[in-house]
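No value in this document is a laboratory result; all are computed from the given coordinates. Treat the numbers as computed from the prediction; the structure is a model and nothing was measured. Using ideal geometry, Cβ is built from the backbone for each residue, glycine included, and neighbour counts are taken over all protein chains shown.
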Amino acid sequence: MSVIDHDFGLQERQVARRFTKLLSLDAQHEANVRANPVPYLERASERIFQLENALVEAAQAAAPSEAGCSVAETIRVDKAEYQRLLNCRAIIEKALVELVPGDEASPAAKNP
């Protein structure tokens, strides 16, 4: 006698549940995601696009400006906060390099 494994659609329900959670939707959207996923995929695509734009803007903001600052200002920051800033900058640069591999024009490629 053998046992036949069958999940009765559990895998699809888990995928739909995770997708709705990632899109910050209510549980009531789960059935709609399974029935008609196209609008939700478009929403996810738009969100990814916005996150990519934010990542590029953050990398550009972290890059030194080519014009430079003519007024010398001294700002005091404690060492821990400065280290957090450097860590954030490294994460952004790494993510940008992974997003656009081989892009020599990106700010992350200019400032290793």
> Any idea what the alpha-carbon Rg over 2.2 N^0.38 Å comes to for the chain?
Replying inline: 1.68
> Once every DSSP H run of n ≥ 4 in the chain is given -39500 (n - 2.57) and the sum is divided by its residues, what mean residue ellipticity at 222 nm do you get, rounded to the nearest 500 deg cm²/dmol?
Replying inline: -20000 deg cm²/dmol
> So if we plug the beta-carbon distance of GLN11 and ALA61 into 1/(1 + (r/R0)^6) with R0 = 30 Å, what FRET efficiency do we get, rounded to 0.05?
Replying inline: 0.10
> Cα axis of helix 38-62 to longest principal axis of the chain: angle in degrees, 0 to 90, nearest 10?
Replying inline: 20 degrees
> For ASN87 and GLN50 in the same chain, what is the full-extension length gain: residue separation times 0.36 nm, less their Cα-Cα distance, in nm?
Replying inline: 11.1 nm
